[in-house]
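A.B. asks: Sharing a structure, written as structure tokens. Questions coming.
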Amino acid sequence: MEEVNCDSYSGMYVLPANYLVIGYGADWADNCFVIPTDQSDDPPLYEVLHDVALSTEELVSTIKSGAGGCEKIADKLSIFVGNAIALKT
């Protein structure tokens with residue numbers, strides 16, 4: 001998790017803005033999934049497309065606006081995890 005958030009794209013851009021990368025697509029070269037760490041104990045989950053921005057400010061703005069390759073996947077992380085568990089059973 002440290003490498004993903006400190007040394008790789010997009011983690012190195014979102015971590016300073018209180019977002020945490022919690023997952024990546026196949027081969028670490030695809031979309032990533034981020035959560036804000038300063039909003040609640042059950043934060044929303046966002047998908048960030050690969051190479052959508054080149055700075056912290058630009059990436060966070062794109063995440064918040066939902067434009068340019070970023071999308072809110074779930075209003076709460078628990079909803080996303082609950083849906084994933086339901087699909088498995």
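A short reminder: the numbers here are calculations on the coordinates, not readings from a lab. None of the values given here were measured: they were computed from a predicted structure. As a convention, Cβ positions derive from the backbone with ideal geometry for all residues, glycine included, and neighbour counts pool all protein chains shown.
A.B. asks: Which trypsin sites (Lys or Arg not before Pro) from region 60-89 combine a DSSP loop assignment with at most 15 other Cβ atoms within 10 Å?
C.D. replies: Answer by residue number: K76.
A.B. asks: Using a 10 angstrom cutoff on alpha carbons, build the Gaussian network for the chain and name the most mobile of V52, V14, V34.
C.D. replies: Its mean-square fluctuation being the largest, the pick is V52.
A.B. asks: Calculate the FRET efficiency for L87 and L20 from the Cβ-Cβ distance with a Förster distance of 35 Å, rounded to the nearest 0.05.
C.D. replies: Rounded to the nearest 0.05, the efficiency is 0.90.
A.B. asks: What is the distance, in nm, between label points placed 7 Å from the Cα along the Cα-to-Cβ direction at S40 and at C6?
C.D. replies: 3.1
A.B. asks: In addition: Where is the GNM fluctuation largest for the chain (alpha-carbon springs, 10 angstrom cutoff): G25, G69, G11?
C.D. replies: G25
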